[in-house]
Amino acid sequence: MEESTINSSILGTKEYWENLYQQEINNYLDHSDPGEIWFGKGLTMKMVKWIKSKSSQLLPDDGDQIKILDLGCGNGHLLYSLYQQGYTDLTGLDYADKSIKLVNQMASDLGIVNNLKTYVADVLTLYKSNLIPERIKFNLIIDKGTFDAICLNPDLDLNQVKSDYLATLEAILFKGRSFFMIASCNWTKDELINMFTKSSQSFLSLYDEIETPQFSFGGSKGNNVTCLIFQRLS
Ligand SMILES: C[S@@+](CC[C@H](N)C(=O)[O-])C[C@H]1O[C@@H](n2cnc3c(N)ncnc32)[C@H](O)[C@@H]1O
């Protein structure tokens, strides 16, 4: 498998996100500002629309509700959008305490606390902890910009990051028909496919892609955000 690298940035530090969400809490309390929509409203809407359009495929075999986890949920915008579309078994997880504080505050104000569980947890160590009860598995796990942020951490070894991230996905993704959706601006489609389907640890296959705007530069074409959906194989 071809080795991919990425430059580190302040966006890879927990301190950065804690400060950002403290600012978002202040803005929310001061003038009800719901905060920044990472990758924009358009992509978020497309992701929600895709989920709606595939609802019958995503539905668990026992006919129960689709359990959705937003990995690195930030200000929770995606979770609220899903709730508005009728999804009521939602979980948000983030390692920034302030993110979860903001999500809980908004959930309480919107009256949706019974439909939304939240956890302060690090994606990279989640598989080793018993924070999420063993019996809770998700039918759909979504990552919008979180894997990007994690890979920018200057102190982490990228191979270890990929391995820990996959271990967490494997531990909490329902065994059977279940899906992982990722939106990334730091990794290309080929790199994401390599990382998530071609490592020895891998248990996913590419299922679908959400079209994102293309840009042309210097004669070559590319997408500034890639959004892929993988299905669990075993
Ligand atoms: C680019 S933001 C995206 C936030 C959210 N998904 C959205 O679309 O608005 C990245 C998020 O990942 C979270 N994050 C970064 N590293 C993490 C880790 N190791 N475990 C859990 N969350 C992490 C950050 O706190 C931040 O909320």
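Annotations
- R0 of 25 Å, Cβ-Cβ distance Tyr207-Asp97: FRET efficiency to nearest 0.05: 0.15
- What the chain shows is 49 Å² of accessible area per residue, with the surface traced by a 1.4 Å probe over protein heavy atoms.
- Peptide ranges 23-30, 79-86 listed from the most packed, as the mean C-beta count within 10 angstrom indicates: 79-86, 23-30
- Positive-pole candidate from Cys185, Thr125, Gly63, dipole of the chain, charges at beta carbon: Gly63
- Charge dipole magnitude, Cβ of K and R +1, D and E -1 - region 41-188, Cα centre, debye nearest 20: 500
- Short-range pairs are left out: with C-alpha atoms under 8 Å and at least six residues apart, the relative contact order of region 51-161 is 31 percent.
- Top positive-direction residue, dipole computed over the chain with Cβ charges, set Trp50, Leu20, Ser199: Trp50
- Of all accessible heavy-atom area on the chain, the percent that carbon and sulfur account for (1.4 Å): 48
- Exceeding the 28 Å Cα-Cα cut-off - candidates Lys117/Lys162; Lys41/Lys67; Lys98/Lys137; Lys52/Lys144; Lys52/Lys98; Lys41/Lys128: Lys52/Lys98; Lys41/Lys128
- Value at 222 nm in deg cm²/dmol, rounded to 500, when DSSP H runs of n ≥ 4 in the chain each add -39,500 (n - 2.57): -11500 deg cm²/dmol
- Percentage relative contact order, the chain, counting C-alpha pairs under 8 Å, at least six apart: 21
- Counting DSSP beta bridges with both ends in the chain, the antiparallel % (nearest 5): 45
- Taken about its Cα centre, region 115-227 carries a charge dipole of about 400 debye when Lys and Arg each add +1 at the Cβ and Asp and Glu each add -1 at the Cβ.
- Put a plus charge on the Cβ of each Lys and Arg, a minus charge on the Cβ of each Asp and Glu, and nothing anywhere else: the dipole of region 1-105 about its Cα centre is then about 400 debye.
- Met45 contributes an accessible area of around 80 Å² to the protein surface, as traced by a 1.4 Å probe with all chains present.
The values are calculated or read from the model by the stated rules, or taken from the named source; none is laboratory data. Model, not experiment: these values are computed from the prediction. A quick note on method: Cβ atoms are made from the backbone with ideal geometry, for glycine too, and the neighbour counts reach across all protein chains shown. Please note that ligands, DNA and RNA were not included when accessible areas were found on the heavy atoms of the full protein model with its side chains. Shrake-Rupley method; radii C 1.70, N 1.55, O 1.52, S 1.80 Å.
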